[in-house]
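Visitor: Sharing a structure below in C-alpha cells format, with a few things to ask.
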Amino acid sequence: MSRDLLRELPVLLHEGLITPEQAERIKARYADAPEGGGRMMLFTALIGGLLVGLGVILVVAHNWDDLPRWMRTLLAFLPVLAGIAVITWAMARRPDSMAWREGGAAFLACALCANIALISQIYHVDGDMAGYLLTCSLLVLPLLYLPGSFAAALIFLALATGYAGAGFFAFEDARRPFQVLVLLAAAAPAYLSQARQRGNSTGFWWFSLFMALSIGISIQFFLRDWGLGRVLGMVAMASMFTLVPWTHPGREWRTAPWVLVGGATLLWILFLASYRFFWQSQGFLLTDQGRDMGANWALVVAGCTVYVLSLRQRGAFERWPWPEGLPIMLACYALSMASPMLAAVVVNLALLALGVYYVRSGIADGSLRLMNFGLAITGLVILLRFMDTNLSYVVRGLVFIAIGAGFLFMNLRLMRQRGRS
Amino acid sequence: MKLKLWLLVAAAMLAVPIWMMYNHEEVRHAGEVFLFKTAPIDPRDPFRGEYVSLAFEAERGSWFCEGLPETGGPTEVYAQLDHDPEGFAVITGLSMDKPASGPYVRAKVQGWRSGSDLVYRVELPFDRYYLQEGQGRRTEELMMPGRRNETGTGPKESWAVVRVHKGRAVVEDLMVDGRPIKEWMGEEDE
C-alpha cells in the first residue's frame, strides 16, 4: 500500500493535486515506517543478512589449508566485496529501503569480521582477542553513519563491549581498555542522529538497549575491586540511566531500555544491600584495595550532579522511583558507619516501599504486570528475611502459603476490577 | 555526495586487511630466517579457528635492560637476535632504543619481584601458528614433552621458522623433527 502511494507521488505532483512539500512529507512518513509486508521483508532481510554473515565466519574459521593461499585470500575478500556492492546498490537505487540497508549492513559487518579473521589465519598474523575485536569494531563503526544501520550499531556495540571484556582478562593490572571509551563516544552521534530521525522505531529501542548494556558492562571492565565503592559507583550510573527519558521531554523517543537496565541493576543491588553482611567491613569490603577509588568517586559525583539537576524537571518519585535509589544508598552508606544493621533495615524498608509503589501503580492503571512486579518484590523481601532467621520449617511453610495466597487474591481482585470497568 | 563518501569508506575498509597482508609479505620476502625452539599448547580462537600457541626456549632466562621500569605493566623493548652454534635463535640483549645494527624484534618485557630478586619476563611478538580444524590437539600430542613415540625416544624436537625484518616478525612454518608440521598431519590423515 505505502509503496503504491510512493509510486503515485510524481503523478499526483504533476497533476497539481499535492504540493512538493506535501510530497516530501508523505515520502518521509512512509520511508521509515514499513507496514505489513514491508516489516516482514525487513525482518527476513536482517535475519538473512546475519545468518549468511555468521555462516561465512563459520566456514572460514575452518581453515581451508588444502586451497592455495591466493585462493583463500580471494575467498576472504569476496563476502566483503559482495557486502560493499549490496550497500552501494541500495544507496544508489533504494535509498529509502530499510530492508536493504539493514540486511546489507548486517551482512557486511559479519563479512568484515570474517575477513580479518581469515587474513590473520592465512598469514599467521599475531595478536590477541582484544586486538582482533578492536580492529573489527573500528571497521564496523563507519556503518553506523553510512548507510546508517541499526543492525550494524548493535554488532558494533557487542564488539566494543567484547573488546573491553577481552582487554580486562588479557591486560595486566595497570592497564585499562581505554579505547572502549573512544569507541562508545564514536557511536554517540549516530545514536543521537537515529533518535532524531527514527526515535520512535523498534530499531531505536534495540539501539537504546545495547547502548545502555554496552556502557554499563564496559565500565565494569575498568574496575578491579569488588567493594562498597564500586557498588556505589554502579548505583550512581544506574540512577543516571533511569533519568535518560527525562532528557528529551515532549519527544517520543524509545529510551525505555535505559530505565530497564538501570532499574534492574538498582533492584539487584538493593537486594544485595538488604543483607547486614553487605555493610560490614569484615564481609564485602575486604576485596576493596582502593585501586578504583578515582573511577568510583567520579561516577558518584556525576550521579549526584545529574540527580540534583534532574529535580528541576521532575519531582522526586515522579513516573518511577528508580533515580531515588542513589540518595537512599548514599544515606545508608552514611548510616552504616554508625550501625550496619540500621543501614540494612533501611534498605529492606526501601524495597518494601518499592513493592507497594508498584502494587499501587498496577491497581491504579489496571496493569497486572506492574502489580505482580510489585508483589514479587514485596514477597521476595519477606521470603529472604525469613530465610535469614532460624524459624522452623512449619513457620517458613506458612509464610510461603501466605505470600502465594496474597498473589492469587490480588490478581483475582484486579481482574474483577477490570471486568467491572 | 553520500555515495562518494561511502565508496571512500568502503575503500578504507578494504585497505585494512590489504595493509595487514602487505606487512606480512614484506617480512616474508626481505626478512632473515630465525629458528625458534618451541613447545606448543593447543588453544582455540572462536573467530579465527584452531592454532597452536608457541612457547619459545629463547624467551627463558633472566634479563637485564638499561632504563627498564621495575614495576608497572609490560614495557615494549627491542630484543636483539642471533643464532647459536646449532643454528637456533637466541636473544642476545634487550634495549629501550632501537639497535643501530643487527636483527631485532619488538618484544614485551615485564618485571616482578621474586623474593628479593627482580625478575624480567620476555614475550616475543609472535606466539601462534594456525592449523586446520582438528590438528591442534594432534600437533600438541606430537610435540609435547613426555609423549612417547613409537620408537620410545620421547618428544620430538620442534621449532618455528620465523622471518625477521625491521623489527617485525612473521611465523613462516612449524617444523617437527626437521619436517614441516603439514607433512606430519598429511601422513597421519593418509
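The values are calculated or read from the model by the stated rules, or taken from the named source; none is laboratory data. On a predicted model such as this, the values are computed, not experimentally measured, just so you know. Quick reminder, even Gly has a Cβ in these numbers, built from the backbone with ideal geometry, and neighbours come from all protein chains shown.
Visitor: Condition test on A:Ile119, is it assigned to a helix (DSSP H, G or I), modelled with pLDDT under 85 and under 19 Å from A:Leu159 (Cα atoms)?
Guide: Working: assigned to a helix (DSSP H, G or I): yes; modelled with pLDDT under 85: no; under 19 Å from A:Leu159 (Cα atoms): yes.
When the stated conditions are applied, A:Ile119 does not pass them.
Visitor: Suppose we filter the stretch A:97-116 for residues that are in contact (Cβ under 8 Å) with a residue 60 or more places away in the chain and surrounded by fewer than 22 Cβ atoms within 10 Å (Cβ to Cβ); how many remain?
Guide: Number of matching residues: 1.
Visitor: How about the stretch B:121-138: which of its residues are free of Cβ contacts under 8 Å to residues at least 60 places away in the same chain and more than 15 Å from the chain's Cα centre (by Cα)? Steps first, answer last, please.
Guide: Initial filter on the stretch B:121-138 (free of Cβ contacts under 8 Å to residues at least 60 places away in the same chain): B:125, B:138.
Selection gives B:Arg138 alone.
Visitor: Have a look at A:Arg360, A:Arg369, A:Arg312 and point out the one that is surrounded by fewer than 21 Cβ atoms within 10 Å (Cβ to Cβ) and part of a loop (DSSP other than H, G, I, E, B).
Guide: Selected residue: A:Arg312, the only one of A:Arg360, A:Arg369, A:Arg312 that is surrounded by fewer than 21 Cβ atoms within 10 Å (Cβ to Cβ) and part of a loop (DSSP other than H, G, I, E, B).
Visitor: Something else: Among the residues of the stretch A:82-96 satisfying the criterion of being farther than 11 Å from A:Leu143 by Cα and touching a residue at least 24 places away in the same chain (Cβ under 8 Å), which is surrounded by the most Cβ atoms within 10 Å (Cβ to Cβ)?
Guide: Here is the first cut: in the stretch A:82-96, the residues farther than 11 Å from A:Leu143 by Cα are A:82-83, A:85-86, A:88-96.
From the residues that got through so far, the ones that are touching a residue at least 24 places away in the same chain (Cβ under 8 Å) too are A:82-83, A:90-91, A:96.
Working: A:Ala82: 16, A:Gly83: 28, A:Ala90: 21, A:Met91: 21, A:Asp96: 14.
Looking at the filtered set, the residue picked out is A:Gly83.
Visitor: Are there any helices (runs of 4 or more DSSP H) wholly within the stretch A:184-281 with 1 or more residues that are closer than 26 Å to A:Phe43 by Cα, and if so which?
Guide: Numbers: elements: A:202-220, A:228-241, A:256-273.
Result: A:202-220, A:256-273.
Visitor: Next question, about the same structure. Any idea which of (1) polar (S, T, N, Q); (2) crowded, with 23+ Cβ neighbours inside 10 Å; (3) more than 10 Å from chain B (Cβ to nearest Cβ) is the one A:Gln121 doesn't satisfy?
Guide: Only one criterion is unmet by A:Gln121, namely (3).
Visitor: Also: Just the residues that are surrounded by 13 or more Cβ atoms within 10 Å (Cβ to Cβ) and hydrophobic (A, V, I, L, M, F, W, C), please, taken from the stretch A:375-390. Spell out how you get there, then give the answer.
Guide: Filtering the stretch A:375-390 for residues surrounded by 13 or more Cβ atoms within 10 Å (Cβ to Cβ) gives A:375-386.
Matches in the stretch A:375-390: A:Leu375, A:Ala376, A:Ile377, A:Leu380, A:Val381, A:Ile382, A:Leu383, A:Leu384, A:Phe386.
Visitor: Taking strands (runs of 3 or more DSSP E) that fall entirely within the stretch B:38-109, which contain at least 3 residues that are modelled with pLDDT under 85? If you could, list the steps in order and put the result at the bottom.
Guide: Numbers: elements: B:49-56, B:75-83, B:89-95.
Strands (runs of 3 or more DSSP E) meeting the threshold: B:49-56.
Visitor: Checking the condition surrounded by fewer than 24 Cβ atoms within 10 Å (Cβ to Cβ) and more than 8 Å from every other protein chain (Cβ to nearest Cβ), which residue from A:Tyr132, A:Tyr145 passes? Reasoning before the result, please.
Guide: On the way: A:Tyr132 fails: more than 8 Å from every other protein chain (Cβ to nearest Cβ).
From the options A:Tyr132, A:Tyr145, the qualifying one is A:Tyr145.
Visitor: Tell me, which residue of the stretch A:162-182 that is modelled with pLDDT of 90 or more and crowded, with 24+ Cβ neighbours inside 10 Å is nearest to the other protein chains (Cβ to nearest Cβ)?
Guide: A:Tyr163
Visitor: Ok, one more. In the stretch A:391-408, which residues are under 37 Å from the mean Cα position of the chain (by Cα) and surrounded by 11 or more Cβ atoms within 10 Å (Cβ to Cβ)?
Guide: Of the residues in the stretch A:391-408, the ones under 37 Å from the mean Cα position of the chain (by Cα) are A:399-408.
If the condition is that a residue be under 37 Å from the mean Cα position of the chain (by Cα) and surrounded by 11 or more Cβ atoms within 10 Å (Cβ to Cβ), then A:Val399, A:Phe400, A:Ala402, A:Ile403, A:Gly404, A:Gly406, A:Phe407 are the ones that fit.
Visitor: With respect to the numbered conditions (1) more than 7 Å from chain B (Cβ to nearest Cβ); (2) modelled with pLDDT under 95, which one is the sole condition not fulfilled by A:Asp126?
Guide: (1)
Visitor: Looking at the stretch A:86-114, which of the residues that are facing chain B (nearest Cβ under 9 Å) and modelled with pLDDT of 90 or more is farthest from B:Met13 (Cα to Cα)?
Guide: A:Ala92
Visitor: Still on this structure: Would you call A:Ala151 more than 11 Å from chain B (Cβ to nearest Cβ) and part of a helix (DSSP H, G or I)? Quick ask: steps written out before the conclusion?
Guide: Numbers: more than 11 Å from chain B (Cβ to nearest Cβ): yes; part of a helix (DSSP H, G or I): yes.
Criteria met by A:Ala151.
Visitor: Additional query: Would you pick out the residues in the stretch A:368-390 that are closer than 19 Å to A:Ser274 by Cα and hydrophobic (A, V, I, L, M, F, W, C)? Show your work before the answer.
Guide: Start the filter on the stretch A:368-390 by keeping residues that are closer than 19 Å to A:Ser274 by Cα, which leaves A:373-390.
Scanning the stretch A:368-390 gives A:Phe373, A:Leu375, A:Ala376, A:Ile377, A:Leu380, A:Val381, A:Ile382, A:Leu383, A:Leu384, A:Phe386, A:Met387.
Visitor: Same structure, new question: Show the residue pairs that are 6+ apart or on different chains and have beta-carbon atoms under 9 Å apart, the first residue being within the stretch A:308-334 and modelled with pLDDT of 95 or more, the second being outside any loop (DSSP other than H, G, I, E, B) and loosely packed, with under 12 Cβ neighbours inside 10 Å.
Guide: none
Visitor: Follow-up question, since we're still on this one. Say whether the condition of being assigned to a helix (DSSP H, G or I), modelled with pLDDT of 75 or more and surrounded by 13 or more Cβ atoms within 10 Å (Cβ to Cβ) is met by at least one residue in the stretch A:25-37.
Guide: We begin by selecting, within the stretch A:25-37, every residue assigned to a helix (DSSP H, G or I); these are A:25-31, A:37.
Now restrict to residues that are modelled with pLDDT of 75 or more: A:25-26.
Then drop every residue that is not surrounded by 13 or more Cβ atoms within 10 Å (Cβ to Cβ), which leaves A:26.
Yes: the stretch A:25-37 contains one or more residues that are assigned to a helix (DSSP H, G or I), modelled with pLDDT of 75 or more and surrounded by 13 or more Cβ atoms within 10 Å (Cβ to Cβ).
Visitor: To continue, here is another question. Of the conditions (1) within 14 Å of chain B (Cβ to nearest Cβ); (2) part of a helix (DSSP H, G or I); (3) at pLDDT 80 or above, A:Leu51 clears all except one; give me its number.
Guide: Checking A:Leu51 against (1) within 14 Å of chain B (Cβ to nearest Cβ); (2) part of a helix (DSSP H, G or I); (3) at pLDDT 80 or above, the one that fails is (1).
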